[in-house]
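These notes are about the structure you will find just below.
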Amino acid sequence: MRVRIALSAFAALAAVGLGGVGAAAPAVAAPDAASHQVSAVQAADGLDVHRGKYVTLGGCQTAGQQGIDRGHWDRYQCAEGTFFWNLWTNR
């Protein structure tokens, strides 16, 4: 009986916790507004092409270097965002 009550309480807490994650999801859209500000700064340096977002700095740097090695662009920069690293290139 106690196990059933504990499982019911756990299920209720999990449902509330998952509901909280869903409610927080729209806040993820806010970094896009901030990326437009970064875009203006990058354009002044000639790095005005946004190539993607990466979870780690190493992943961003690897992608940037691979683009140089393949001849897609000449320069890149990994700019720190709110949750991600943004890869900016010159072409």
Problem set entry | Subset tally (residues that are open to solvent by 50 Å² or more (accessible area, probe 1.4 Å) and part of a loop (DSSP other than H, G, I, E, B)) for region 53-90 | 9
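Kindly indicate whether Gln61 is touching a strand residue (DSSP E or B) at 6+ places or on another chain (Cβ under 7 Å) and either at pLDDT below 95 or among the β-branched types (Val, Ile, Thr) (or both).
Considered against the rule, which asks whether it is touching a strand residue (DSSP E or B) at 6+ places or on another chain (Cβ under 7 Å) and either at pLDDT below 95 or among the β-branched types (Val, Ile, Thr) (or both), Gln61 comes out as no.
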Seminar exercise, completed: With criteria (1) surrounded by 11 or more Cβ atoms within 10 Å (Cβ to Cβ); (2) at pLDDT 50 or above, His36 comes up short on (1)
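The values are calculated or read from the model by the stated rules, or taken from the named source; none is laboratory data. Bear in mind that the values here come from a model prediction, so they are computed numbers and not experimental data. FYI the Cβ positions are ideal-geometry reconstructions off the backbone, even for glycines, and counts take in every protein chain you see. The area values use the complete protein model at the heavy-atom level, side chains included, leaving out ligands, DNA and RNA. Shrake-Rupley method; radii C 1.70, N 1.55, O 1.52, S 1.80 Å.
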